[in-house]
1. Which residues, counting only those in the range 194-208, are over 16 Å from G151 (Cα atoms) and either of a type in the set (F, W, Y) or part of a loop (DSSP other than H, G, I, E, B) (or both)?
2. For the range 213-248, how many residues meet the condition of being under 22 Å from K15 (Cβ atoms) and not hydrophobic (A, V, I, L, M, F, W, C)?
3. Restricting the search to the range 209-248, which residues are within 20 Å of I146 (Cα to Cα), surrounded by fewer than 15 Cβ atoms within 10 Å (Cβ to Cβ) and of a type in the set (S, T, N, Q)?
4. Can K150 be described as touching a residue at least 40 places away in the same chain (Cβ under 8 Å), surrounded by 19 or more Cβ atoms within 10 Å (Cβ to Cβ) and closer than 24 Å to G97 by Cα?
5. In the range 2-21, is there at least one residue being assigned to a loop (DSSP other than H, G, I, E, B), free of Cβ contacts under 8 Å to residues at least 12 places away in the same chain and not charged (D, E, K, R)?
6. Within the range 126-147, which residues are among the polar types (S, T, N, Q) and free of Cβ contacts under 8 Å to residues at least 40 places away in the same chain?
7. Identify all residues within the range 22-36 that are assigned to a loop (DSSP other than H, G, I, E, B) and more than 15 Å from I137 (Cβ to Cβ); write none if there are none.
8. Being closer than 22 Å to R123 by Cα and in a loop (DSSP other than H, G, I, E, B) is true for just one of S174, S168, S164, S142. Which residue is that?
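Nothing in this text is a laboratory measurement; each read-out follows from the coordinates by a stated rule. On a predicted model such as this, the values are computed, not experimentally measured, just so you know. Ideal geometry is used to build each Cβ from the backbone, glycine not excepted, and the neighbour counts take in all protein chains shown.
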Amino acid sequence: MFKGDEVAVVTGASKGIGKAVALELASQGVNLVLTYVSSSNKMDETLYEIKNSGGNVISYKVDVSNEKEVKQLFKDVKKHYGRLDILVNNSGITKDGFLPLMSSPKWDEVINVNLRGTFLCSREAVKQMMISKSGTIVNIASTSGISGAKGQTNYSASKGGIISFTKSLALEASQYNIRANVVAPGFIETDMTKAMDQTTLSQMMELVPLRRMGKPQEVANLVSFLSSEKSSYITGKVFTIDGGLING
């Protein structure tokens, strides 16, 4: 349940899970600030869909691993809306490879975007939320950050770091009535999974009890719940959405 005047920042919102989250929050009357880094055409499509349905939205091109750009983003949010209620850290990349063959740049880029980006955006958001003594942060991790994944030591480390980061943040921020939770998707129908080898993907689906991939909207529904007052007594938790892939 939303009041209708909330302001949310959603990073990496031009496509996939980020877009689905943006559209879902917009449908609930939430004012949106969306970020993208390269897919400007996709971002334009997302903006059009939201505005065409009566939503209030603005977008910024932001590299979430760049401290200067992130600080400017949140300054602009405060100037434009005067408040911040929700942050969804969705920006993420993969640069897969087995560890003996993984270059330092591959490792650094994934850690910087996924983990450092979550840190930078959360830090600036919390500064504003502390003033209003309210707010909620939802960080998008992955089942790879819980169980690990072959060929993804960098990605798994970044997502596992997000989980630990969020648990600590929830403890720190609770005194200001700020909540922080993690959504950890499994195999979801996005550009990231479309790029995977189809034979490998089919084999992986055999491990999913529901025998299918998830849809971005299904993740968005969970993020929306965790962003709303319906989850007001939930913080510091990790929610897997994976068709039963991880048991426990």
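1. Correct list: E206, L207, V208.
2. Residues that pass the stated criteria total 10.
3. Hit for the range 209-248 is N247, nothing else.
4. Details: touching a residue at least 40 places away in the same chain (Cβ under 8 Å): yes; surrounded by 19 or more Cβ atoms within 10 Å (Cβ to Cβ): no; closer than 24 Å to G97 by Cα: yes.
Against the criterion (touching a residue at least 40 places away in the same chain (Cβ under 8 Å), surrounded by 19 or more Cβ atoms within 10 Å (Cβ to Cβ) and closer than 24 Å to G97 by Cα), K150 does not qualify.
5. Scanning the range 2-21 turns up no residue that is assigned to a loop (DSSP other than H, G, I, E, B), free of Cβ contacts under 8 Å to residues at least 12 places away in the same chain and not charged (D, E, K, R).
6. Pass one, the range 126-147, residues among the polar types (S, T, N, Q): 128, 132, 134, 136, 139, 142-144, 147.
Scanning the range 126-147 gives a single hit, S144.
7. Pass one, the range 22-36, residues assigned to a loop (DSSP other than H, G, I, E, B): 28-30.
Q28, G29 - these are the residues of the range 22-36 that are assigned to a loop (DSSP other than H, G, I, E, B) and more than 15 Å from I137 (Cβ to Cβ).
8. Details: S174 fails: in a loop (DSSP other than H, G, I, E, B); S168 fails: in a loop (DSSP other than H, G, I, E, B); S164 fails: in a loop (DSSP other than H, G, I, E, B).
Of S174, S168, S164, S142, the one residue that is closer than 22 Å to R123 by Cα and in a loop (DSSP other than H, G, I, E, B) is S142.
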